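*Asks:* One structure, pasted below without further comment.
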Amino acid sequence: MKLKMLLAIAMAGVGGMLPTLAKLAGYYSQNPEGPMPGTGVYVSLGLWFVLGAAVCIGLQQFNVREAMVVGIGAPAIITGFVNGQGQGQAGAEKQATNPPAEIRLPATPRTVGDNNGWLDLFVPRAHAQTAPSSPPPPIASPLEPTVAKSVLIKTRQAAGFAPLPLSVGARAKSAGPAPTSGELVFTPAGKLVSNSIVELLLPADIDQLVAVVPEATSNVVNLPATNPVRICVEVNQRPSNDLKWALGGTRDSRVTGIVMAVEPISTDPCALNDLVEAIDAPTAEERTSSVQKVLDGYRDRPEAVARILLLLEPEQYDRLSGNGRVNAFVLLNTLELNSWTPQLASKARTALASLRERASTGEIRIGPRVADGMDRLEQRLGQVGN
């Protein structure tokens, strides 16, 4: 008799876990490249097991079949509470999706290059003033093609997360910094749609863009003189509260960085960005192919140097494998010397100094192949004109 009771209690616990396991199966069947479950998911499975067993004991349901049914229904107690909380926060979340009324960035030499669309190496923080209710008017209405600049922006966001409230700020460098604070002031230019392409028509004097979400800001890009301009926006995210997700809420994420990259030659705004990301692909064949494609198509393009330099930023460098780090330095040492500008060389020296400082404190480890690549790059930077 005791064995039967224990079996029924165990089956009720298993039944309590089944809805979450089914949710995981459905999620990863639709998002096979989605991030792996966090610790919170495993904690929730334990909670569901205990809850299902507790309900079984409380209702004295020691028939094995009925116990499993009781366990499956037990999570509704918690999911109903979590969903109710989510509805109460819906109004606040909706208001938070309004684009910022103004974006202010420190007026430090963060952007690289002149009017050629080079990327900034380090991601600045935004001090955004959020509009209280309705979105502010766009920066400009569509203009005649002869006086307007067409910007095609392709946005990439990790699969499996809710779409982010991405927007774009624009400014003319000729406007200079704000007179009182010395900050660069960007005006809203439009909203971006996750995993799709948006076209913005901007006044011809606009030559700097930045992408922003409530908690993060991208690097600043300088727009080239070509028309149309093609830009890729890559949003890097990590799960932030998988326990809430496993308990029935939405899967929250934390934005770890936003990268904007100008595409100089392809009709696909994310062609260069994707090739650079693929130098850290899982297989050697993919990595080798991507490195060769960058060299074949972008050998003399400063945009390629600038995009690869972004990989040396701490947040991105830390997520690279050893092969990805080696490949980054292979490319930086192989691209034509005329693809380097003095500004890019300055950014590279800063990045090398940062890597060596982090290695000296034990924060990262620099292997022999990466160390050799860093030494070669340091020598090469001496050949870049001032």
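*Asks:* When you scan segment 34-70, how many residues do you find that are under 28 Å from the mean Cα position of the chain (by Cα) and among the aliphatic types (A, V, I, L, M)?
*Replies:* Of the residues in segment 34-70, 3 are under 28 Å from the mean Cα position of the chain (by Cα) and among the aliphatic types (A, V, I, L, M).
*Asks:* Does segment 299-310 contain at least one residue that is more than 28 Å from SER150 (Cβ to Cβ) and either assigned by TED's automatic domain parsing to the domain that holds ARG230 or modelled with pLDDT under 95 (or both)?
*Replies:* no
*Asks:* So, one more: Does TYR42 satisfy the criteria of being modelled with pLDDT under 80, part of a helix (DSSP H, G or I) and not β-branched (Val, Ile, Thr)?
*Replies:* Values: modelled with pLDDT under 80: no; part of a helix (DSSP H, G or I): yes; not β-branched (Val, Ile, Thr): yes.
Here the answer is no, as TYR42 does not meet what is asked.
*Asks:* Right, next: Kindly provide the set of residues from segment 191-215 that are at pLDDT below 85 and either charged (D, E, K, R) or under 12 Å from the mean Cα position of the chain (by Cα) (or both), ordered by number.
*Replies:* Within segment 191-215, SER194, GLU215 qualify.
*Asks:* Inside segment 364-381, can you point out the residues that are touching a residue at least 12 places away in the same chain (Cβ under 8 Å) and closer than 17 Å to LEU337 by Cβ?
*Replies:* Selection gives GLY373, ARG376, LEU377, GLU378, ARG380, LEU381.
*Asks:* Considering every residue within segment 327-347, establish whether at least one is among the hydrophobic types (A, V, I, L, M, F, W, C), in contact with a strand residue (DSSP E or B) (Cβ under 7 Å, 6 or more places away or on another chain) and either surrounded by 14 or more Cβ atoms within 10 Å (Cβ to Cβ) or within 23 Å of GLU234 (Cα to Cα) (or both).
*Replies:* Step one: of segment 327-347, the residues among the hydrophobic types (A, V, I, L, M, F, W, C) are 328-332, 335, 337, 340, 344-345.
From what is left, the residues that are in contact with a strand residue (DSSP E or B) (Cβ under 7 Å, 6 or more places away or on another chain) are none.
No, there is no match, as no residue in segment 327-347 is among the hydrophobic types (A, V, I, L, M, F, W, C), in contact with a strand residue (DSSP E or B) (Cβ under 7 Å, 6 or more places away or on another chain) and either surrounded by 14 or more Cβ atoms within 10 Å (Cβ to Cβ) or within 23 Å of GLU234 (Cα to Cα) (or both).
*Asks:* Name every residue in segment 266-293 that is aliphatic (A, V, I, L, M) and within 25 Å of ILE197 (Cα to Cα), in order of residue number.
*Replies:* Taking segment 266-293 first, the residues aliphatic (A, V, I, L, M) are 271-272, 275-276, 278-279, 281, 284, 291.
Across segment 266-293, the qualifying residues are ALA271, LEU272, LEU275, VAL276, ALA278, ILE279, ALA281.
*Asks:* Considering segment 154-194 alone, what residues qualify as being outside any strand (DSSP E or B), in contact (Cβ under 8 Å) with a residue 12 or more places away in the chain and among the small types (Gly, Ala, Ser)?
*Replies:* Step one: list which residues in segment 154-194 are outside any strand (DSSP E or B), which gives 158-166, 172-183, 192-194.
If we keep only those that are in contact (Cβ under 8 Å) with a residue 12 or more places away in the chain as well, we get 158-166, 172-174, 177-178, 181-183, 192-194.
Scanning segment 154-194 gives ALA158, ALA159, GLY160, ALA162, ALA172, SER174, ALA178, SER181, GLY182, SER194.
*Asks:* Would you tally the residues in segment 258-270 being of a type outside the set (S, T, N, Q) and surrounded by fewer than 20 Cβ atoms within 10 Å (Cβ to Cβ)? First the steps, then the outcome.
*Replies:* Start the filter on segment 258-270 by keeping residues that are of a type outside the set (S, T, N, Q), which leaves 258-265, 268-270.
Now narrow it down to the ones that are surrounded by fewer than 20 Cβ atoms within 10 Å (Cβ to Cβ): 264-265, 268.
Result for segment 258-270: 3.
The values are calculated or read from the model by the stated rules, or taken from the named source; none is laboratory data. What you see is a predicted model, and the numbers here were worked out from it, not measured in a lab. Glycine also receives a Cβ, built like all others from the backbone with ideal geometry; neighbour counts cover every protein chain displayed.
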